[in-house]
Amino acid sequence: MKWSCYTNLEELTEHDDADLDALKRRILVAGLVIFCFMMIIFGRLWFLQIYKGDEYRDRADNNRVRMREIAAPRGNILDTKGREMVTNRPSFNVVLVREDSNDVDELLKKLAVALDLDISELWGKLRDAGSKPRHIPVKLLEDVGWETLAYVENHNQEFPGIRVEAIPARVYHYKNLAAHAIGYLGEISKKELAARDLEIYTGGDLIGKSGLERLREPDLRGEKGSSSSEVNARGFEQQLLKNEEPLPGNDIQLTVDAELQKVAEDLMDAGEKAGAVVAMEVKTGRMLVLASNPVLPLDQFVGGISHKHWNALLENKKHPLINKVVQAMYPPGSTYKMITAMAGLVTGAITKDTVLYCPGHYYFGKRRYHCWKRSGHGAVNLKRAISESCDVYFYQVGLRVGVDKLAEFAGKFGLGHKSGIEMEHEKAGLTPTKKWKKKKYGKKWQEGETLSVAIGQGFNLVTPLQICQMTATIANGGTQYRPQIIEKITDPDGNILEQFEPVVIDTLKDEQRFLKLIREGMEEVVQGKRGTARKVRIKGMTIGGKTGTAQVVRLKQYKHLKEEDIPYKFRDHAWFTCFAPADDPEIAVTVLVEHGLHGGSGAGPVARAMLESYFFERLQQAAEAEKAKGE
């Protein structure tokens with residue numbers, strides 16, 4: 001029994017040791033498992049908090065803090081006398097931050113009713129912004145009225161993710177004045193954004209689309225500001241954390257006189273005339289008027305132009321989208337005769353005393369070329385030829401000179417090439433030569449074509465600005481200036497950043513002694529007894545000018561109709577260009593009225609009113625002096 005007891009104790013001890021070893025193994029395995037889990041947890045914590053700490057901190061801040069850009073007010077645009085033409089006002093846009101709205105579908109249904117919009121239009125704007133990050137606001141409605149603004153702000157708890165942004169919008173104090181020169185704004189396109197500095201521009205920004213708004217975008221845009229606000233879980237702002245004010249753009253002062261520009265545009269609008277009015281200081285090249293009619297409706301572009309309005313502009317037969325000052329080209333008509341006269345004088349083909357006979361027509365080869373005065377002008381010298389615009393006289397001068405010489409002298413007065421004015425898409429016009437026709441049509445120049453060119457018809461094409469530049473060059477004695485539209489650029493504090501001085505393109509030398517003869521002929525156009533612009537006369541002032549009629553198309557079926565019965569699109573264009581005062585010229589004015597028929601009656605009255613406005617005080621003083629003298 002005693003031996004058996006020892007045997008059982010021995011077995012128990014062996015059994016306990018086995019269990020203890022098993023327990024130790026279990027504890028070791030459990031410890032290793034716990035250790036592995038702890039290492040995984042600590043590893044994950046290190047990854048999230050250390051390795052990815054900055055990234056997730058930024059994400060957390062983005063959930064808690066909203067960063068917002070603040071658009072900068074664009075620079076103001078002023079006229080030559082410092083009058084404000086374009087400034088800014090607050091404009092309010094309704095925008096959606098998608099990451100702050102859990103149920104966009106339900107939100108848009110409510111919003112469509114509140115904003116009185118079609119829900120499909122709102123969804124369309126969201127689809128257009130589909131590729132943008134969800135924290136970037138999407139514009140749903142631009143430039144909302146005060147009632148809509150008040151409703152959205154007072155019911156903001158009903159519209160999670162919706163907020164109202166205040167941005168500067170353009171104010172046009174003279175409505176559409178000088179619209180083509182100033183231009184308009186629009187939302188930056190994907191193509192424009194790809195070509196721009198992404199540190200300056202982002203999607204949805206407004207950018208200059210035309211005119212000086214586009215050409216001077218770097219000067220006008222300013223620098224954006226920024227703000228950061230704390231938001232709650234639904235995206236509603238709780239408090240402002242940081243705010244950096246934007247820096248306004250630079251101001252641009254133009255050479256344009258707003259009041260004189262208004263006179264020009266009102267005169268063109270009064271008769272629903274299409275065309276252009278241009279006025280230039282003859283001794284500086286500063287542009288006082290750059291009027292193209294019909295004007296651009298700038299107010300329609302604020303907040304983005306609708307498809308309806310844009311299509312209406314495209315379909316308008318008077319082409320308001322074309323800046324007719326520099327982008328439209330017309331035959332110069334009889335305004336070109338000063339070029340023909342100058343070419344004849346300088347080459348010796350004629351002198352001031354050369355007399356040519358006009359029976360009302362001129363035969364060249366088998367063709368009969370008519371003068372505008374069918375009964376003829378009789379014996380005509382240079383002064384009378386310019387004064388009465390005798391076609392037969394200039395037919396013969398043109399033949400003596402030749403088309404290539406005509407083109408050479410046209411170029412000296414600014415025709416046939418761009419002036420360099422700071423306006424978009426300026427056309428060079430066309431002064432034909434023998435070489436040009438051979439290259440263009442593969443045909444030899446016919447001398448009969450020279451007759452048409454000599455009186456400003458045929459292949460000749462010019463812009464209204466070029467005719468004004470030509471007139472100014474004649475008036476000032478032969479100095480050709482680059483047309484200037486900007487006077488100076490100043491920063492928001494009024495400091496001058498850039499001052500623009502007159503730029504001389506060319507100075508005529510051999511031609512100077514003949515310019516006086518041309519000016520005398522132009523003076524007779526207005527002041528002479530038989531001048532073609534007698535109706536333009538202004539008491540107390542001597543004016544030099546030239547009328548012109550540019551043939552649109554020759555149609556025999558309209559030959560015997562009264563002019564008012566000819567369809568509008570087939571009527572001739574009317575030109576009048578002038579300078580004043582004739583004894584010491586200060587200003588050149590050119591008027592082109594599309595389908596206006598005659599320069600003297602169609603364009604002349606507009607130029608006369610322009611001169612009366614420009615010289616108003618001087619004419620009034622002269623009238624008072626005359627009255628006092630009579631008393």
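Read-outs: derived from the displayed coordinates by stated rules, not from any lab. Keep in mind that what you see is a predicted model, and the values were worked out from it rather than measured. Reconstructed Cβ throughout: ideal geometry from the backbone, glycine too, with neighbour counts over all protein chains shown.
Three semi-axes describe the equivalent ellipsoid of segment 196-347; taken as square roots of 5 times the Cα gyration tensor eigenvalues and ordered largest first, they are 45, 21, 14 Å. A straight line joining the Cα centroids of segment 183-213 and segment 93-128 runs 25 Å.
Quarter the surface of the alpha carbon convex hull of the chain and you get the mean projected area, 49.8 square nanometres.
Using only the C-alpha atoms of segment 413-501, find the volume of their convex hull and express it per residue in Å³.
Details: hull volume 11.2 nm³, N = 89.
With only Cα atoms used, segment 413-501 gives 126 Å³ per residue.
The lysines within cross-link reach of K132, meaning a Cα-to-Cα straight distance under 28 Å and a gap of 8 or more places when in the same chain, are K52, K109, K110, K190, K191, K209, K224, K242, K308. Summing charges over neighbours of P502, with a neighbour being any other residue whose Cβ is under 12 Å away from its Cβ, gives 0 when K and R count +1 and D and E count -1.
For the chain, return all DSSP H helices satisfying: extent of Cα atoms along own axis at least 18 Å; mean Kyte-Doolittle hydropathy at least 0.0.
Numbers: long enough: 2-46 (65 Å, 0.38); 512-527 (23 Å, -0.35); 616-630 (21 Å, -1.09).
TM-like helix candidates: 2-46.
Helix-only arithmetic for the chain: the sum of -39500 (n - 2.57) across DSSP H runs with n ≥ 4, divided by the residue total, places the mean residue ellipticity at 222 nm at -11500 deg cm²/dmol. Listed by chain and number, the lysines whose C-alpha is less than 22 Å from the C-alpha of K437, apart from same-chain residues fewer than 8 away, are K337, K405, K412, K418, K427.
Among 220-226, 25-31, 183-189, how do they line up by average Cβ neighbours within 10 Å per residue, starting with the highest?
Numbers: 220-226: 18.0, 25-31: 10.0, 183-189: 19.9.
Most protected by this proxy first, the peptides run 183-189, 220-226, 25-31.
Projected onto the charge dipole of segment 255-406 (+1 at Lys/Arg Cβ, -1 at Asp/Glu Cβ, origin at the Cα centre), which of I322, G344, L290 gives the Cα projection farthest towards the positive end? So the residue we want is G344.
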